[in-house]
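In what follows, a structure is listed as structure tokens, so that the remarks can point back to it.
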Amino acid sequence: MKTPHRVFVCHETPCVSLGAESVYSAFREEIDRLGLDHVSLEISGCHGHGLCSGGPSVVVEPSRFFYNGLRPEDASVIVREHLNHGRPVQHLFHRDAQTGKSVARYVDVDFYQSQERVALRNCGRINPESIEHYIDRAGYGALQLVLSTMTPDQTIDIIEESGLRGRGGAGFPTGRKWRFCRQSPGDQKYVVCNADEGNPGAFTDRSVLEGDPHAVVEGMIIAGYAMGASKGYVYVRAEYPLAVRRIRKAIKDARRRGFLGREILGADFDFDLRVKEGAGAFVCGEETALLQSIESERGMPRPRPPFPTDSGLNGKPTVINNVKTLSYVPVIVDRGAEWFRSLGTEESPGTAVFALAGDIRYSGLVEVPMGTSLSRIIELGGGIAGDRKVKAVHTGGPAGGSVPAHRLDTPVDYESLQELGSTMGSGGMMVLNEDACMVDIARFFMDFARSESCGKCAPCRLGTKQMVTILTRIAGCQGVERDLELMRDIAETMRVGSLCGLGQTCTNPVMATLEHFEEDYRAHIHEGVCPTGACDVELDGSHVRAAPY
Amino acid sequence: MKGETGTSTEVFRTVVQDILDDHAGESWPLIAVLQEIQHRIGYIPPEVVPLVADRLGIFPGEIQGVITFYSQLRDRPQGRTVIRACRGTACHVSGGTTVLKALQGELGISEGESTADRQYSLETVACVGACGLAPNVIVDDDVFGTMTPAKVRKLIEKDGEPS
Amino acid sequence: MSRVRVMLDGRESEGSPDMTILELARREGVEIPTLCEHRALSPYGSCRVCLVEEEKSGALVASCATAVAPDMVISTQSDRVRKHREMIVRMMLASHPSSCPVCDKGNRCELRRVAADLGIAAPRMDRVAQPTQVLDLNPFIERDMSKCILCGQCIRVCQELVVEGALSYRERGFDAHAATFSDGILGDSECTYCGACVSACPTGAMMEKKRVYSGSGDRTVETVCPYCGCACPIQVTVKGDRIVRVEPADPEQPLCVRGSYGLDFVHSPDRLRTPHIRCGDELVPVDWDEALAYAGENLTRIIESRGPDAAAVLGSSKGTNEENYLLQRFARGVLGTNNVDNGGRLYNAAVRVGLNETIGVPETTDRIGALADAEVIVVVGADLVNSAPQLAYAVRRAVKLGDAQLILIDPGRTRLGWMADMWLQPRFGTDGAFLAAVTHVICEENLVDQEFVARKTEGYQALCDAAAEWSPEWAEELSGIPARHIRQVARRYAGASQAAIIYGTGVTQQNRPGEGVKQLANLTMLTGNLWRTGGGLYAVQKESNGRGACEMGALPDFLPGYHRVDHRGMRRGYEETWGIEVSDAPGLSALEMMLAAERGEIGALYVVGENPLQNYPNPGKMRRALEEVDFLLVQDLFLSETAEMADVVLPAASFCEKDGTFINFEGQIRTLNRVLDPSEGSLTDWEIVLGLSEVMGSSLPFSSVGDIQAEVSDLLPEIGPLDTGRHARDMENGGPGAAARRWPASRGIARFSVPELTLPEPPPEEYPFTLVVSNTLWGQGGGGRTGRSKRLLEFAGDSFVEVCTEDAGRLGLEQGNRVRLVSPVGDITVRAALTDALPQGVLALPAHFRDAPATALFDVTLDRDTRTPMMKSCHVRMERRGSDEG
Ligand SMILES: Nc1nc2c(c(=O)[nH]1)N[C@H]1C(S)=C(S)[C@@H](COP(=O)(O)OP(=O)(O)OC[C@H]3O[C@@H](n4cnc5c(=O)[nH]c(N)nc54)[C@H](O)[C@@H]3O)O[C@H]1N2
Ligand SMILES: Nc1nc2c(c(=O)[nH]1)N[C@H]1C(S)=C(S)[C@@H](COP(=O)(O)OP(=O)(O)OC[C@H]3O[C@@H](n4cnc5c(=O)[nH]c(N)nc54)[C@H](O)[C@@H]3O)O[C@H]1N2
Ligand SMILES: Cc1cc2nc3c(=O)[nH]c(=O)nc-3n(C[C@H](O)[C@H](O)[C@H](O)COP(=O)(O)O)c2cc1C
Ligand code: SF4
Ligand code: SF4
Ligand code: SF4
Ligand code: SF4
Ligand code: SF4
Ligand code: FES
Ligand code: FES
Ligand SMILES: [Mo]
């Protein structure tokens, strides 16, 4: 009898775009041709975290041999040699970009060694479309534990003690949010998973949904039990069709297995989930806009208070949590609040997941304990490509800011990043080299905010437009010194005066670049050139300042 | 039926009726209904909007407001091939703008438009989650990574060929 | 409710947790600028100019959207607050034309005012223009989107207040704007030109159209819209002696197009400028003294020679309470006859008869606002959107924003149709059978509120026994409404915890109207809905003071306060006060007067604000009747068709030229204030009546409106002083509106009534079409006033009859073809307008065309109990006319 093998072919967006599907079929054909019944072929979520650009990647369990950059013809070689004869194919192993050495096994990849995979615990290790795989890895155990031994309040206690903070960006203590909702009077309550991930440059939530959807489902059921909610919605971007399909399937399978529906696992608790697809609006990540959107309206935020925990969907108490926040819940229940607190920092326990991109050798997901420094994360990503130097690291997307190279010792946690004018955001981390122009970066994010502003409130609707006009003028070297002050003034009004988080935070990239890279602005204004040549704008008459200042 | 011209309003109406029937009893079905209409017809013809409005008890104008709010929903037909350039951060810093310009040049249209022969539509999209391969171009549902203006030319030439 | 203490601009102040900071500040007299806040809508928070600082947290919050919380320290004027307000307004101005000096909004512009208060002279930043003017081809509203600050008020009032849905947001971000469905002109949308958006708009982006720039008005006076029974409070702005603008006086009660844009009839060149006396075929101008003396002599002559009952007075549901009170006192005291009635006879007699006999309260039982609580609303035979817009708004709010289900019982599809959960189409005049079957189902399935029935009603068993016969299958045959739908209606209506019924002239001017009203009353009693908030019974069929005219006793059988003339005890108080004896014989009702006149029994007829020749059935007969009258005295704004036949014509002042009160259909007292002086040569109706009584030698003891009000209050303490405080008092007395009043016929116990069911005749072969008289938004009544509004006329001008497309196809008719409508009584020629909203065989003719009066087709058929003519539908034949024929 041969040792059973499981082959996981990554089926996430990057690998698929690099040809994962034909690699999968090639495996299938060859396995079938040879009639290898000790081998099961599975699709999986991303295992090449940080290595996606080298995909498609394949992991062969149980020993977790790691192949990367495969072509279909490589598949038959692996089947014949490795699976049939037990001879791993060395020349197809993943190669370390720095050393050029091939790395046989997953765990040997440097990229993973400093990672602490909590949110991503199952990604790449199970077939996300199989509830059995999830259950095999202790899935739905936390739910059983909660339903059979804990009261709703005790459930909230654990989450509260764990110190878990929302991974959607603002870092609000999850336990406290649940408590508010639990205490808010209402016959009907809702749990909503925010899987909108509209932040350009972040795809951490997508990876969890595509790679481990049941973790989110289980987290939501536990949340529902804790809050006394009987209904939940997963609001997911329609631009993530694979994630949509997987979460739908997960819900269906969970329902079939009795984890959703009436009297779950025999307890006096009914809960069910539905999926609502977004339709392309970044602002719908904002919680009140998200609720509007679930209710099939324009995603225009409403004033808070009332907060959703008092008046959310349908006017009923509603908890909204990020995908990762929810996926932590089952592990925290399983392994305890203490364990979770042992990771990360005092104020920010647990791990952080980042989508590392930009001028970095390995772009992809990294999960590290909170408090890890930015420079360490860059190291994990194989450093910056070529012989360039890091100029800045931008975190937090359109609501974030750029941390200058000399501050890369900054630990990643909510407070430290905030001090530098950046944010955790929901996990985008963009490494910029010296070729980047910070005026261009600021203009890029502001233009994004302009195009995504819902237009409801005046400071944001008008402010984003004004800011883009000014930044474009500066980028086109027509700016004047006075523009900088005007931008600061407008930004301040937008920050304190806008109705929702979009308008309040979208000036961060501008403010942060003005603070740390003012020289880039001055170069455009006083020297009349973009120092790196990145600013590529053609001005027309409308950009020449007309109004008397 | 996707993208077909000359499809009669009557056919649209039946399609829309079916979709509405499927969603009967659901809470807040509008966006899902619109998405399905778009999926089936290729866009959301303004003439079916009053029908949806009537069934769901919403004003036609409100529905138009929803359609124009969400970048994914369209009230005009699209080209047979939809090309979307990613305007996410990673794609931007690795040359997304140049790629977009190349696409515009190659197709002779700007974003939001379709070519005269309705072969192509050009759109932009915020991050598709393949930043590692930036800059990305998405043709219908396939992601093409590490694009350059040269690759753009090849992509369009290849796609233009009858297959 | 708990109290919340806060510091506001350094002063201690106390509010409640449901109060916003803005509300508290306003109460304390602290002014905070606002641009998007609207009192009738929920907090929105879009403009952000109302920012205030919470000093403890340093947060700036939108005061309009933030509730006060304990221990807040609020500063409305801190440097930060001012700085950010200023920046916001500067950004608004940067995207705004700099055309204040030539902008019609002038000093009414909120944006300009806020900017001035903040001392902003120029935006001092890039100008980023917005889209410009939308060419709206309508006589009422113009839009200039370059002046829009996207506060969202127009959109929200259109969607959430009037619930018309003509405007919505479109696009997003800087491109977001207020648009119609097609992003085009209002004329292509659902817009009814109610004007709610215009009066909400803080800038000049939405404005009333004017041919000439009129600038700011000199003064603004609150009064009441004179058209429909909603009697909306309005704010009239005047420049010199002309009305330049009309707006809702209460932002929670938006107007309709007639109120907003149709009051220009008061400036019509047709207004009578002097009294006239007939000399042979001619009416010659005379002065007031001569006209009054002449009229007085003739009236005296006739009552002296032929007895007081040879005189008759036809009063007006357009006059004030004071005028109607005075008029009936004039009839009873000066002329000595009970022959006094008001035009409301035509549409509300059935309400009086039907309700007095059942619930004992002859009026609408609750306020419009209560509909917000309804779970089910049944509308029977009323076209609310056209005839009672304020009520339509409330119904639509209840359905669209609340949880109410709407059930329409109407042969035609009214403009509420699209939001109805059920729309059932009875054959004309067969509601009796339908309602009987609903009663049957409620009894049979025991959907009865037994507790209410036992405690508050009598006669239940008799009704139940009778109802056993009225099966839905039987009713299906008669009414054409499927039996299963009848059952459904019964179950939904009876199953709801609050269900209201609204009915109109589809019941009260139809076959046996009193019986129909009784049946509706039965339903409210059976289900216990009668006095429930969100339940109740609403009668739509009123003119502005239709209710007041009746309460004031301008009725042949009732004294003020519905005290019966044939009841000695009820009469006594009046006789004492008036110092006369009131005849105990009920007088003639409106139509009976005309019939009596035709028989030569009426020597003198005094018509105040009615136009029987145009609006009563069978104009030929009416003309003969009026010819038989020895002395015809008509008091009107215009030389109406009736006035043309008069012996004396007296020019009356319009509603906005006098003081007084109306009672609207809900029972709310609304105060009219004199906005303008009476137009040249006219006097107010009450002054004229006083003048007449004086020349007749029996002066009535009043010299002001206040004097009359005082007497009414003395005699009718239950109405209380005629002032706007009545509603508040009703609430204090433990219930809203009519419910709390003491009504003469009410004994606290409602009585079931077994209806008599008579079915309409089938159409005779030679008259195959059923013609139903309808309303449009643009016309009121016979068009006496709306037909003289320049702006309304642009819509209401050309007469038409609606024909369903199938019938048109069959007859080869196209849109705009001329057709002749012929009934056994008369004929008219109008253009055909094709529609999908009518069933086959049915034609709809609006009532307000002065050149094609629907009445010409109707005969006088008086209902036995209500003494009203059946004038909702009749049978006609339709003939196509050549294009050049008349
Ligand atoms: N715009 C406008 N508003 C007005 C007036 C006006 O002239 N113009 N007049 C005011 C006055 S004085 C009055 S009395 C009210 C009248 O107000 P409404 O009672 O609302 O009068 P209509 O608009 O004629 O609507 C009557 C409805 O009854 C339906 N109907 C006709 N016959 C039957 C029937 O047998 N059974 C049933 N179930 N329905 C039937 C018709 O189809 C129509 O929809 O309006 C007041 N408001
Ligand atoms: N066939 C048919 N005929 C109908 C109807 C129908 O449904 N079918 N509807 C009927 C109904 S419900 C009604 S209420 C009638 C409406 O019929 P009317 O009440 O007769 O109609 P209006 O033309 O509104 O007004 C009558 C006159 O009052 C004058 N007037 C207005 N205000 C004042 C004032 O303050 N003082 C004085 N002195 N005069 C004033 C006007 O100038 C006008 O000449 O029409 C009825 N006619
Ligand atoms: C403009 C804007 C976009 C946002 N987008 C997201 C998003 O894509 N995903 C997300 O989880 N939270 C997003 N948020 C944060 C959410 O509003 C909310 O705080 C979060 O979902 C709460 O979940 P958590 O407590 O688990 O973090 C966004 C906020 C703003 C203002
Ligand atoms: S801040 Fe921007 S996105 Fe948020 S409500 Fe205002 S306009 Fe809309
Ligand atoms: S809308 Fe107001 S601010 Fe604008 S031009 Fe007119 S008056 Fe001036
Ligand atoms: S048109 Fe007037 S009311 Fe409407 S959004 Fe613009 S400023 Fe506000
Ligand atoms: S006039 Fe009335 S119906 Fe027309 S757009 Fe304005 S609010 Fe809406
Ligand atoms: S006609 Fe009626 S609804 Fe319209 S403004 Fe006048 S009273 Fe109000
Ligand atoms: S930024 Fe283009 S795929 Fe993420
Ligand atoms: S008035 Fe408060 S935000 Fe506009
Ligand atoms: Mo009437």
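The values are calculated or read from the model by the stated rules, or taken from the named source; none is laboratory data. Predicted model, so just to flag it, every value in this text is computed and none were measured. For neighbour counting, all protein chains shown are included, and Cβ atoms are generated from backbone atoms with ideal geometry for every residue, glycine included.
Summary table
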{"item": "Odd one out for B:Ile19, checked against (1) crowded, with 18+ Cβ neighbours inside 10 Å; (2) away from every other protein chain (no Cβ under 13 Å); (3) of a type outside the set (D, E, K, R); (4) over 30 Å from A:Gly315 (Cβ atoms)", "result": "(4)"}
{"item": "Hits in region C:527-555 - residues which are of a type outside the set (S, T, N, Q), more than 18 Å from the chain's Cα centre (by Cα) and either surrounded by 24 or more Cβ atoms within 10 Å (Cβ to Cβ) or within 20 Å of C:Gly369 (Cβ to Cβ) (or both)", "result": "C:Leu530, C:Trp531, C:Arg532, C:Gly534, C:Gly535, C:Gly536, C:Met552, C:Gly553, C:Ala554, C:Leu555"}
{"item": "Yes/no for C:Cys158 being crowded, with 18+ Cβ neighbours inside 10 Å and either outside any helix (DSSP H, G or I) or within 16 Å of ligand 10 (Cβ to nearest atom) (or both)", "result": "no"}
{"item": "Members of region C:30-74 found to be within 35 Å of the chain's Cα centre (by Cα) and either more than 12 Å from chain A (Cβ to nearest Cβ) or part of a strand (DSSP E or B) (or both), listed by number", "result": "C:Pro33, C:Thr34, C:His38, C:Arg39, C:Ala40, C:Leu41"}
{"item": "Of all residues making up region B:31-54, the number that are farther than 14 Å from B:Gln72 by Cα, facing another protein chain (nearest Cβ under 10 Å) and not small (Gly, Ala, Ser)", "result": "4"}
{"item": "Condition met for A:Thr469 (out of contact with any strand residue (DSSP E or B) (no Cβ under 7 Å at 6 or more places or on another chain), closer than 24 Å to A:Lys391 by Cα and hydroxyl-bearing (Ser, Thr, Tyr))", "result": "no"}
{"item": "Lone qualifier among C:Phe655, C:Phe702, C:Phe638, C:Phe631 - being away from every other protein chain (no Cβ under 14 Å), modelled with pLDDT of 95 or more and within 16 Å of ligand 1 (Cβ to nearest atom)", "result": "C:Phe655"}
{"item": "Verdict on A:Gly350 being surrounded by 24 or more Cβ atoms within 10 Å (Cβ to Cβ), closer than 30 Å to B:Gly57 by Cα and within 14 Å of ligand 3 (Cβ to nearest atom)", "result": "no"}
{"item": "Inter-residue pairs, beta-carbon under 6 Å, first more than 20 Å from A:Val77 (Cα to Cα) and in region A:92-119, second modelled with pLDDT under 65, 6+ apart", "result": "A:Phe111/A:Gly50"}
{"item": "Among (1) surrounded by 20 or more Cβ atoms within 10 Å (Cβ to Cβ); (2) at pLDDT below 90; (3) hydrophobic (A, V, I, L, M, F, W, C) - the single one C:Ile708 does not satisfy", "result": "(2)"}
{"item": "Close pairs from region C:84-110: first within 14 Å of chain A (Cβ to nearest Cβ), partner among the hydroxyl-bearing types (Ser, Thr, Tyr) and more than 14 Å from ligand 6 (Cβ to nearest atom), Cβ under 6 Å, at least 6 apart", "result": "C:His84/A:Thr493; C:Met87/A:Thr493"}
{"item": "Selected residue [among the hydrophobic types (A, V, I, L, M, F, W, C) and within 19 Å of C:Gln541 (Cα to Cα)] from C:Val351, C:Val340", "result": "C:Val351"}
{"item": "Yes/no for C:Val162 being in contact with a Pro (Cβ under 7 Å, 6 or more places away or on another chain), aliphatic (A, V, I, L, M), within 16 Å of ligand 8 (Cβ to nearest atom) and in contact (Cβ under 8 Å) with a residue 40 or more places away in the chain", "result": "yes"}
{"item": "Residue match in region C:115-130 (condition: within 16 Å of ligand 6 (Cβ to nearest atom), of a type in the set (Asp, Glu) and over 30 Å from C:Glu12 (Cα atoms))", "result": "no"}
{"item": "B:Arg118 vs. criteria within 13 Å of chain A (Cβ to nearest Cβ) and among the basic types (Lys, Arg)", "result": "no"}
{"item": "Condition met for A:Leu486 (within 9 Å of another protein chain (Cβ to nearest Cβ), modelled with pLDDT of 90 or more and not in a helix (DSSP H, G or I))", "result": "no"}
{"item": "Hey, A:Ser148 within 14 Å of chain B (Cβ to nearest Cβ) and small (Gly, Ala, Ser) or not", "result": "no"}
{"item": "Wholly within region A:385-453, strands (runs of 3 or more DSSP E) carrying at least 2 residues that are more than 11 Å from every other protein chain (Cβ to nearest Cβ) and in contact (Cβ under 8 Å) with a residue 24 or more places away in the chain", "result": "A:390-395, A:401-404"}
{"item": "Test: residue in region A:321-336 that is within 14 Å of another protein chain (Cβ to nearest Cβ) and in contact (Cβ under 8 Å) with a residue 12 or more places away in the chain", "result": "yes"}
{"item": "Verdict on B:Glu111 being in contact with a Leu (Cβ under 9 Å, 6 or more places away or on another chain) and within 14 Å of chain C (Cβ to nearest Cβ)", "result": "no"}
{"item": "Single residue of A:Ser416, A:Ser453 found to be over 26 Å from A:Gly344 (Cβ atoms) and of a type in the set (Ser, Thr, Tyr)", "result": "A:Ser453"}
{"item": "Restricting region C:182-203 to residues that are outside any helix (DSSP H, G or I) and at pLDDT below 95, the residue that is surrounded by the most Cβ atoms within 10 Å (Cβ to Cβ)", "result": "C:Ser189"}
{"item": "Lone qualifier among C:Arg864, C:Arg850, C:Arg877 - being not in a loop (DSSP other than H, G, I, E, B) and not hydrophobic (A, V, I, L, M, F, W, C)", "result": "C:Arg877"}
{"item": "Selected residue [closer than 25 Å to A:Gly278 by Cα, within 16 Å of ligand 9 (Cβ to nearest atom) and outside any strand (DSSP E or B)] from B:Glu111, B:Glu62, B:Glu123", "result": "B:Glu111"}
{"item": "Selection status of C:Glu142, more than 16 Å from ligand 9 (Cβ to nearest atom) and part of a strand (DSSP E or B)", "result": "yes"}
{"item": "Helices (runs of 4 or more DSSP H) completely within region C:319-411 that count 3 or more residues being among the basic types (Lys, Arg) and in contact (Cβ under 8 Å) with a residue 40 or more places away in the chain", "result": "C:389-400"}
{"item": "Check on C:Asp584, out of contact with any helix residue (DSSP H, G or I) (no Cβ under 6 Å at 6 or more places or on another chain) and either without any contact (Cβ under 8 Å) to a residue 60 or more places away in the chain or farther than 24 Å from C:Arg306 by Cα (or both)", "result": "yes"}
{"item": "Unique match (being in contact (Cβ under 8 Å) with a residue 60 or more places away in the chain, within 14 Å of chain A (Cβ to nearest Cβ) and assigned to a helix (DSSP H, G or I)) among C:Val81, C:Val114", "result": "C:Val114"}
